[in-house]
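The values are calculated or read from the model by the stated rules, or taken from the named source; none is laboratory data. Only a predicted model underlies this, so the values are computations on that prediction, with no experimental measurement involved. Every residue, glycine among them, receives a Cβ derived from its backbone with ideal geometry; neighbour counts consider all protein chains shown. Just the protein is used for accessible areas: all its heavy atoms, side chains included, with ligands, DNA and RNA removed. Shrake-Rupley method; radii C 1.70, N 1.55, O 1.52, S 1.80 Å.
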Amino acid sequence: MTSPIEIEGAEASSVLDKESAPQGDAPKPKEPEGRKPGQLMWARFKRDRAGVISACVVLFFFVIAAAAPLISKVYGKDPYTLYGQDNPDLLDMFTMPAAPYGGIDGDFWFGIEPGLGRDVFTQLLYGMRNSMATALAATVIMTVLGVLIGLAGGYFGGKIDYWLGRITDFFMALPSQLFFVAAMPVITTVFVAPDKETPTYVRAAAIIIVLSFLGWMSMARIVRGATMSLRDREFIEAARISGASPWRILRKELLPNIVTPTLVQATLTLPSTILSIAFLSFVGVGYVEPTPDWGRMFAIGADIVEQDPYYMLFPGVAMVIFIVAFNLLGDSVRDAFDPKGNR
């Protein structure tokens, strides 16, 4: 049992401790915790004003492309109806827009198409939707193929790397644009009889196949170089010594460390893929009537640019803004991941 003297001594000791403690001291601030690489990348990216603006522009394009059916419903028009045929007052005797500036007015915000009189605004919305969806699918396939081939060649080396390198060189030597033009009719003929009209989904699949077949090489070379620089590092050797299988090393050790070059290359591949799709439609082997497409709008505008230069104005401006914004976004992503790379 504690004696009264001991209790009084303990109380006196606590009083002295309280009096000796400094008054009004604020609690010590917590030391800042180390941030993860993703957080550091995001912080660097937010400081890049050009990158943030480019990201907003690109996101805006993707949102309006995805919402094209909803916007068309609210707008009250679609890209397939021949408004100039239904209302002869919209076109003159030469089938050009009767109203000035390509028929731009409160009913047709971007004007109407010469000849058939379709709405340009909804054509552009659906054209962007088709082009972006096709390019996104092709870019994903190209990225997957390039990563797999680059990882295999860079990690295993030897004969595997040699033959994969020669295959890559062969495909890079092919004239891609001429091969696009020559291969598209052949691929569509394989799926559809010559006397039948090719469905749009078959053309979309053929475009994706052709672009993916000839677009994975740059990604493969970048991934191969990054893999070769990592395969002799200490953490890879430790994984080998611990008995990890090559598949586990590729999946758990190497793949997470090549995310940066893969993501940067993918952001630079998508806009070039959209340009390739527009080229195919422009020369008549991509999307055809009546499917809306950026390249097909350029093909129509090139034929009537002297009579109606306003038809190509909005598709051209939209294409330039999107490609420039996406390229700037790719540069900003690269700088955010590797801030020393631009020095």
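Inspect the stretch 234-241 for any residue being at pLDDT below 85, of a type in the set (A, V, I, L, M) and either over 16 Å from Gly154 (Cα atoms) or open to solvent by 40 Å² or more (accessible area, probe 1.4 Å) (or both) and give the result as yes or no. Checked against the condition, which is being at pLDDT below 85, of a type in the set (A, V, I, L, M) and either over 16 Å from Gly154 (Cα atoms) or open to solvent by 40 Å² or more (accessible area, probe 1.4 Å) (or both), the stretch 234-241 yields at least one hit.
Mind checking whether some residue in the stretch 66-89 is modelled with pLDDT of 90 or more, surrounded by 13 or more Cβ atoms within 10 Å (Cβ to Cβ) and under 30 Å from Ser218 (Cβ atoms)? The answer is yes; a qualifying residue exists. Between Ile187, Ile160, the distinction of being among the hydrophobic types (A, V, I, L, M, F, W, C), in a helix (DSSP H, G or I), open to solvent by 50 Å² or more (accessible area, probe 1.4 Å) and at pLDDT 75 or above belongs to Ile160 only. Kindly check whether there is at least one residue in the stretch 190-202 that is open to solvent by 60 Å² or more (accessible area, probe 1.4 Å), assigned to a helix (DSSP H, G or I) and at pLDDT 85 or above. No, there is no match, as no residue in the stretch 190-202 is open to solvent by 60 Å² or more (accessible area, probe 1.4 Å), assigned to a helix (DSSP H, G or I) and at pLDDT 85 or above. Could you list, in sequence order, the residues of the stretch 247-274 that are open to solvent by 30 Å² or more (accessible area, probe 1.4 Å) and under 23 Å from Ile141 (Cβ atoms)? Of everything in the stretch 247-274, those that are open to solvent by 30 Å² or more (accessible area, probe 1.4 Å) and under 23 Å from Ile141 (Cβ atoms) turn out to be Trp247, Arg251, Leu255, Pro256, Asn257, Val259, Thr260, Pro261, Leu263, Gln265, Leu268, Ser272. Scanning the stretch 105-123 for residues that are open to solvent by 10 Å² or more (accessible area, probe 1.4 Å) and of a type in the set (A, V, I, L, M, F, W, C) yields Phe108, Trp109, Phe110, Leu116, Phe121. Of all the listed residues (Ile277, Ile209), the sole one being surrounded by 19 or more Cβ atoms within 10 Å (Cβ to Cβ) and assigned to a helix (DSSP H, G or I) is Ile277. Of the residues making up the stretch 91-99, none is open to solvent by 10 Å² or more (accessible area, probe 1.4 Å) and under 25 Å from the mean Cα position of the chain (by Cα).
Which residue is modelled with the lowest pLDDT, if the candidates are limited to the stretch 310-334 and must be over 18 Å from Asp119 (Cβ atoms) and surrounded by fewer than 20 Cβ atoms within 10 Å (Cβ to Cβ)? For the stretch 310-334, the residue satisfying everything is Asp331. Conditions: (1) touching a residue at least 40 places away in the same chain (Cβ under 8 Å); (2) open to solvent by 40 Å² or more (accessible area, probe 1.4 Å). Val223 meets all but one. Number of the miss? Of (1) touching a residue at least 40 places away in the same chain (Cβ under 8 Å); (2) open to solvent by 40 Å² or more (accessible area, probe 1.4 Å), only one is false for Val223: (2).
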